[in-house]
Amino acid sequence: MTIEFDAAVFTSPGAPLTIEKVSLPSTPPPGDVLVRLEATGLCHSDLHVLVGEWEVPSPMILGHEGSGIVESVGDGVTTLAVGDHVVLSWTPSCRRCRYCITGRPVLCDMVSRHSANHLSFDGRSRITRGDGGDVLSFAGLGTFGQYAMVPESAAIPIRADAPFETSALIGCAVTTGVGAAVNTARVRPSDIVLVIGCGGVGLNAIQGARLVGARRIIAADISDEKLEQARVFGATDVINSAGANLADSIARLTDGRGVDVAIEAIGLPQTIEAAYGVLARGGTAVVAGQVADGMKISIDPFVMSDQELSLIGSNYGSSNPAADFPLLVEHYLHDRLDLDSLVTRVIDLADINAGFEEMKRGIGIRSVIRY
Ligand SMILES: NC(=O)c1ccc[n+]([C@@H]2O[C@H](COP(=O)([O-])OP(=O)(O)OC[C@H]3O[C@@H](n4cnc5c(N)ncnc54)[C@H](O)[C@@H]3O)[C@@H](O)[C@H]2O)c1
Ligand SMILES: [Zn+2]
Ligand SMILES: [Zn+2]
């Protein structure tokens, strides 16, 4: 028995996604669960693929920020039951490798071997096209189709009273941004925090810094609309860096000291260097944005040692999805995180290419597909 459904398939860089019929088996193999997606957000990481900044094999169903309902479970699945509401994680965990057992599941061996190559944990794909050929699923999820067959640990159960549109965003932007501030940078109440880039990830870094009580949160972007949003999410100061020298603005705002934490949430070498360049002594720059393939940065290592600066990468907000997704849902339901304002448009799968066009032009925060 197979399930047939519509999915947005990536075939080549620069070409629009094509909506086509694909299928997968209705019975999950051992260890897998079949999830019926309810909602999925459009993330800039999908756009990196679409425009060819990241080279990936094709055909592939993109999308990695999704929520849904467990439709069926394979043999050996113990943590999920049919009907559970879940948020999908693009870093499932094998629960056995040295990263998983030491509390860093986003670095799991199986993820780097398989999910990062857009495959299931057995190194295969689950979905086929009309012509019978295999279709890959982005990060092993492929949420731009209504069904996904994923390892048990990729479907994180959450409270059933959380709305799907906002929960979907916990699958990427919220966890990545909040986690970059809370887990990677370990922002403290005494810190002055800078966030460069106020899209889906950056606005969540801002509200992550607010959640832990940072004394000042400075937001930088080239769009006044995004900077207005930044204030809604907790920025105390905003800088339009299109018309200003960022380093001068930060010097002015901090009496020449610089910031304790700078989070880059765009994915450009020049803004990563800028984040590092405005640190106060002892400060930490977090690279959450992801650059196009092959880009490099340049920093001064003497200053790094002399001033004890840190430059640190952040993958999925250094999170532990199994623990953090339900926690982020709680913060949302108790009004400590604003996920409602992140959803600027609810669209149909058929409108996905228009959604990415808007992202390219910097319009809105997140478009969310509701199935
Ligand atoms: N580290 C991770 O685990 C992880 C997870 C998800 C996404 N990402 C990456 O994070 C980045 C941001 O994703 P997003 O979905 O928030 O993107 P987005 O398109 O929603 O937001 C990008 C923001 O950057 C701003 N911007 C663009 N150029 C700028 C410049 N030169 N100076 C200042 N601001 C500028 C835009 O106006 C926009 O507000 C992407 O590179 C994405 O791939 C990383
Ligand atoms: Zn993403
Ligand atoms: Zn592991």
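The values are calculated or read from the model by the stated rules, or taken from the named source; none is laboratory data. Nothing here was measured: the structure is a model prediction, and the numbers come from that model. For neighbour counting, all protein chains shown are included, and Cβ atoms are generated from backbone atoms with ideal geometry for every residue, glycine included. What goes into the accessible areas is simple: the full protein's heavy atoms, side chains included, and nothing from ligands, DNA or RNA. Shrake-Rupley method; radii C 1.70, N 1.55, O 1.52, S 1.80 Å.
Values computed for the structure shown
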| item | result |
| --- | --- |
| Identity of the residue in the range 104-123, touching a residue at least 24 places away in the same chain (Cβ under 8 Å) and among the charged types (D, E, K, R), that ends up nearest to SER314 (Cα to Cα) | ARG104 |
| Residue match in the range 95-105 (condition: within 16 Å of ligand 2 (Cβ to nearest atom) and under 20 Å from the mean Cα position of the chain (by Cα)) | no |
| Top-ranked residue in the range 92-104 [being of a type in the set (D, E, K, R) and loosely packed, with under 12 Cβ neighbours inside 10 Å; ranked as nearest to ligand 1 (Cβ to nearest atom)] | ARG98 |
| Complete set of residues in the range 247-264 that are touching a helix residue (DSSP H, G or I) at 6+ places or on another chain (Cβ under 8 Å) and surrounded by 21 or more Cβ atoms within 10 Å (Cβ to Cβ) | GLY258, VAL259, VAL261, ALA262, ILE263, GLU264 |
| Residue under evaluation SER89, criteria (1) crowded, with 21+ Cβ neighbours inside 10 Å; (2) of a type in the set (Ser, Thr, Tyr); (3) more than 16 Å from ligand 2 (Cβ to nearest atom), criterion not met | (3) |
| Filter pass, GLY267 being part of a loop (DSSP other than H, G, I, E, B), within 11 Å of ligand 1 (Cβ to nearest atom) and open to solvent by less than 50 Å² (accessible area, probe 1.4 Å) | yes |
| Count of residues meeting criterion [more than 16 Å from ligand 2 (Cβ to nearest atom) and either among the polar types (S, T, N, Q) or surrounded by fewer than 24 Cβ atoms within 10 Å (Cβ to Cβ) (or both)] in the range 200-213 | 5 |
| Selection within the range 15-44 - open to solvent by less than 20 Å² (accessible area, probe 1.4 Å) and either in contact with a Cys (Cβ under 8 Å, 6 or more places away or on another chain) or within 16 Å of ligand 3 (Cβ to nearest atom) (or both) | GLY41, CYS43 |
| Within the range 331-350, tally of residues that are acidic (Asp, Glu) and without any contact (Cβ under 8 Å) to a residue 12 or more places away in the chain | 1 |
| Residue within the range 190-199 that is under 30 Å from ARG36 (Cα atoms) and open to solvent by less than 10 Å² (accessible area, probe 1.4 Å) present | no |
